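Input: a single structure, listed below in structure tokens.
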Amino acid sequence: MTGIFRQHRRWIVVIVLFLLSMINYLDRQTLSVLAPTLRAKLHFGLVEYSYVVASFLAAYAIGYASFGPLIDRFGVRRTLSVAVVFWSVSAMFHGAARQWQQLALFRFLLGLGESLNVPAGARAIREWIPKSERGLCMAIFSNGFLWGSILAPPIVSTIALKWGWHAAFLGTGAMGFAWLIVWLRFYHAPQDDPRLTAAERAVILEDGLAPVKSVPWTAMLRHPLCIGLFVSRFLTDPLPYFFQFWLPEYLQTSRGFTLALVGILGWIPFLAADAGGPFGGFLSDHLVRRGSSPLQARFRVLLFAACVMPLAAIAVRVPSSAVALALIAVILAAQSAWNANLLTLTSEVFPIGQTGTLLALASTGGSLGGIVSTLLAGQVIARVGYIPIFTALALPHLVAYAILVRAASDHRA
């Protein structure tokens, strides 16, 4: 096993990034698991909860819009190190909240720090991974988010039931510091890594860092694919954000789950998503190896995933909680495949020097979509329940796919 990683050091980078994504979402999902408990302890309702969630997404959008160029300027190693320290401290501060306004403030700070994770991680994969492996590696990286969501219900509920909700925030927040030690020890850019073999360095630098013509960021803002990616993230990111922030609340208030039962079963949809991402990444990589262009391969998987999303309108209406949970699992698996291929597509359409900026701009669209949808969800759920929200999630992916196809057509023209 040691020999394999010595000859394929790029896989160590992927594993370390996977662990970071897992910690990132574990910090994020702690609030979601504890939402009913916090609403009772701190005396606020669903509308105020939507404000707390929206504060995170607002900071996420600000961070994406502001910090993306920093990754391209200062590199992945330094920017991620600072970000992890900042968001880990912010996550721990949640345990000191005494009212929902304080919770919203700490959530805002958490969003600022966590906004660097996706563009920096995707930039690292672009630097280290050849095209024929990039879809799978991007899926593994993004699957860390899902494992954070899988682990959050049992870990957070266990800590909260045994030591209280304050301890849950402290425990999950502290994990980032352990990861930072590993990161500083193992990560360097491929051209600077002293432990990288000459053979692997040649493969990485030939495929991943070949000289390319730079594109000014002002031109990127007008580029049809940049606009298409921004709009597609605006339309489709509300689905994963909804399930991240509202699924434990939905299971407890609409399906009768207790906090302990959420800990036992609430991770199942995210486990399904964990399989969907690698499958979608592997499938598009397989198509590339069979002769499809990277663009064609990513789009084929995106279309398949988009066609699954109308199941959301069925999931909320079935009387069986088990069937509803199963349908939600299928939806999240498709979303994971969609996300892995969209991230890969985003990382491939511009030179590597603009990867962080492009990912940040596209992700800003996702955060803005999440803000709008979260605020609307709080109002709608408080008044009429979850049926309109689930129904509204059925079609945006198909619309986003059509927009991306048109943008890609303009790009090739």
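Could you work out the local net charge near A91, counting Lys and Arg as +1, Asp and Glu as -1, over the other residues with Cβ closer than 10 Å to its Cβ? Spelling it out: positives minus negatives among the neighbours equals 0. 3J(HN,Hα) couplings calculated from phi for segment 88-101 with the Karplus curve 6.51 cos²θ - 1.76 cosθ + 1.60 (θ = phi - 60°) are, in sequence order, 5, 5, 5, 4, 5, 4, 3, x, 9, 5, 10, 8, 5, 5 Hz; Gly and Pro show x. The 3J(HN,Hα) values that the Karplus relation (6.51, -1.76, 1.60; θ = phi - 60°) gives for segment 312-321 are, in residue order, 4, 5, 7, 4, 6, 9, 6, x, 7, 5 Hz. Gly and Pro appear as x. Build a GNM of the chain with springs between Cα atoms under 10 Å: which of L46, L343, L161 gets the top mean-square fluctuation? Comparing L46, L343, L161 in a Gaussian network model of the chain, the most mobile one is L161.
Modelled spin labels at V85 and A260, positioned 7 Å past Cα toward Cβ, are 4.3 nm from each other. In plain terms, the residue of W163, W100, W338, W11 with the fewest other Cβ atoms within 10 Å comes first and the most crowded comes last, giving W163, W11, W100, W338. Of the residues T37, T30, T391, the one with the fewest other Cβ atoms within 10 Å heads the list, and the complete ranking is T391, T37, T30. Label separation (K162 vs A96): 2.6 nm, computed from points 7 Å beyond Cα along the C-beta direction. Modelled label positions at Q191 and T391, each set 7 Å beyond Cα in the direction of Cβ, lie 5.6 nm from each other. As a rough footprinting exposure proxy, the listed residues S320, S157, S81 were ranked by other beta carbons within 10 Å of their own, and the order from fewest upward is S320, S81, S157.
Could you please state, rounded to a whole Å, how far the C-alpha centre of segment 322-348 is from the C-alpha centre of segment 377-405? With segment 322-348 and segment 377-405 each reduced to a Cα centre, they are spaced 15 Å.
Sorted from greatest to least, the principal axis extents spanned by the alpha carbons of the chain come out as 58, 43, 42 Å.
All of the numbers you see were taken from the coordinates with simple rules; none came from a lab. Computed from a predicted model, the values in this text were never measured in an experiment. All Cβ positions, even for glycine, are placed from backbone atoms using ideal geometry, and neighbour counts span all protein chains on display.
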